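Right, one structure below, let's go through it.
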Amino acid sequence: MAQIEVRELTKIYAVGDQNITAVDSVSLTIHKGEFVSVVGHSGSGKTTLISIIGGIMKPTSGQVLFEGQDICTFDDDRLSEYRNEKIGFMFQFASLLPMLTAKENVMLPGLFRKTKSTGDPGTAMELLNVVGIGDKCDAYPSQLSGGQQRRVAIARALMYDPRVILADEPTGDLDEETENDIMQLFRRLNKEKEITFIFITHNRELAGMAQRKLRMTRGNLHEI
Amino acid sequence: MKTEFTFSSFALRNVKRKPLRTVILIIAIALLVSALVFSLSFVRRVSSSIRLASERLGADILVVPAGSRGFAEDVLLENKAKSFYMDKGIINKLKAIQGIDSLTYQTYLTTMQGKCCDVPETVVVAFNQDTDFIIKPWLTEKFGRKLLKGEALVGNESAFNIRVGLVEVDSVLFGNIFKMVGILDKTGTGLDNALFIDDGNLEDIMRKGKTDLKPGQVSIVFVRVKKGLDPYKIAGEIEDSFVEVDTMARKDIGKSIITTLRDINYIFIFTMSLICFLSGFLTWAIFSAIANERAREVGIMRAVGAKESHIISVFLLEVIIVGSIGSSIGILCGTSLSILLAKTFSIMKNLPLHFSIAERIIIACIGFLIGNAVCIAGALSPIQKIKKMEPLMAIKKE
């Protein structure tokens, strides 16, 4: 069974009097453990597509089946649980909460879990070490550079063993060396833990590292 | 080191983010609650003092000279030195009224320091020990005997107020020497500030000519009606039968003050409503700004799995922290003001103090709840708005 199945997905934004179709009848099947890159021009609908798959946006029409269940029919609580337990997000901007330290930001999703436990700080530290900023664990986002903040966000996405990582230009602010480190980490997690990765990138080299490459053009999706 | 954080610590950190804004909101809530606690304390204190004082008098009906209701209230509630007299013959006339169980009378004399007496201005109550049921319950057990001629008792607060000081001292009252032989228990009425003598002393007092009391006069007759009868009905019958007197049923004592108090109450309610509205509006404005500023953070929290209820919890806890701090400060200020300013209001200066800790706690709880309720009401609409935002839209909101 496919892990993610997107059927005839459409998203239309109303901007003033105009309707803009960001995603146009897209269908897509992704299996567990796939390593998928999505490329395309700005405004082509990449972010909208993975946002709908991740449950942070509702489509205008169509279905997104995750392990056979249509997440578009979920109520808010169930959709939140889905995001919390199954999905790890990495946004294209710094997405940390300013009043939490780096380590606390990594542990944040745990606060919203049914157990209401923020989890093991040891795991958070381990992940911060993996992304190379273990020494900054008690620093607040304002004390970190853009690249360091991005690494904390990556650690947060990996913290609770998600089934799927949705990453929107995850290495955008990082230097080449760190970018490669992060991509190696992604590959390793993909292989070892069979975590599915769908990442958006403008970097052809990074896109090339994926086993499956997709391109979005004006809301339409094509295999490359 | 184990790092754990909860919704409460999360909210607390948010509260600390913009200290000035938080302080402004806390001050607004503190002002609201202190005004509320002060006005509630004022109204409750006056009304409960009057109610308890009338209950403790132990009579169902008071019979006073026609036109002297106000004077009687002045003496009984506020210990204002007033003299008013009627013919003692009224007592026998009243005995003819059906439904009266027992009655007793008192005569009030006003002391004037330097002219008749060596005590400051107060009321001297001459009472009949054989028929009395007003003073007897407040005679301390250790006194245990009747007052003799030339002896006086002091009210529980008069010992302090008129500086008689210790008992077993002699004072000159209307040209006669009286020995202060004991202190009455606290009655909670204006009588707490009075001096008490047996009415057998009146003849000697009048002989000295230092009072305008005439032989055969009394100030007030206290009436108890038979069980199950309506005091109002009997009071009406007394007034219909004897034009020279007015009556007051127990529940009517202090009616004029309570009516005035009701008007003050309306002003308080109006002012409080206005302050509540303004505080609520301020909370709304501040939380609308907070919600806008934190839209992206809320979006991020939603993206990592926060439910709408989690967002509400975080914001509500923040509101409750601010509301609780503001309310607590308000309770402290309001209670302090009600104590410190009590004596600047003449209505409170003269009333006996009837304000238990329990009543203060109830008022504090009301203040605390209203302070928090106003805060929550003000913040509810921005919270509702932000929790309903689609996570991606919230994240993208600048």
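The values are calculated or read from the model by the stated rules, or taken from the named source; none is laboratory data. The model shown is predicted, which means the values in this text are computed figures rather than measured ones. Counting neighbours? That spans all protein chains shown, and the Cβs are built from the backbone with ideal geometry, glycine included.
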note = Scanning the range A:204-218 residue by residue, those under 19 Å from the mean Cα position of the chain (by Cα) and either surrounded by 13 or more Cβ atoms within 10 Å (Cβ to Cβ) or in a loop (DSSP other than H, G, I, E, B) (or both) turn out to be A:LEU206, A:ALA207, A:MET209, A:ALA210, A:GLN211, A:ARG212, A:LYS213, A:LEU214, A:ARG215, A:MET216
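Please work out which residue is nearest to the other protein chains (Cβ to nearest Cβ), limiting yourself to the range A:92-111 and to residues that are part of a loop (DSSP other than H, G, I, E, B) and crowded, with 24+ Cβ neighbours inside 10 Å.
If we filter the range A:92-111 for residues that are part of a loop (DSSP other than H, G, I, E, B), which is where we start, we get A:92-101.
Checking which are crowded, with 24+ Cβ neighbours inside 10 Å leaves us with A:95-96.
Numbers: A:SER95: 5, A:LEU96: 8 Å.
Step by step, filter the range A:92-111, then rank; the result is A:SER95.
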message = Based on this model, can you work out whether B:ASP87 counts as at pLDDT 85 or above and either at negative phi or of a type outside the set (A, V, I, L, M) (or both)?
response = yes
inquiry  = Being within 14 Å of another protein chain (Cβ to nearest Cβ) and modelled with pLDDT of 85 or more narrows it down to one residue among B:SER327, B:SER309; which is it?
reply    = B:SER309
request  = Look through A:ASP135, A:ASP161 and report the one residue that is of a type in the set (D, E, K, R), assigned to a loop (DSSP other than H, G, I, E, B) and surrounded by fewer than 23 Cβ atoms within 10 Å (Cβ to Cβ).
outcome  = A:ASP161
message = Looking only at residues that are farther than 15 Å from A:TYR13 by Cα and more than 13 Å from chain B (Cβ to nearest Cβ) in the range A:36-61, which one is surrounded by the most Cβ atoms within 10 Å (Cβ to Cβ)?
response = A:VAL38
query = Taking the range B:365-398 as the region of interest, how many residues are basic (Lys, Arg) and away from chain A (no Cβ under 14 Å)?
reply = 1
inquiry  = Residue under question is A:ARG78, and the condition is that it be over 27 Å from B:GLU293 (Cβ atoms), basic (Lys, Arg) and either under 17 Å from the mean Cα position of the chain (by Cα) or more than 9 Å from chain B (Cβ to nearest Cβ) (or both); does it hold?
reply    = yes
query = So B:GLY67 fits all but one of (1) in contact (Cβ under 8 Å) with a residue 60 or more places away in the chain; (2) under 19 Å from B:THR131 (Cβ atoms); (3) of a type outside the set (Lys, Arg); what number is the exception?
reply = (2)
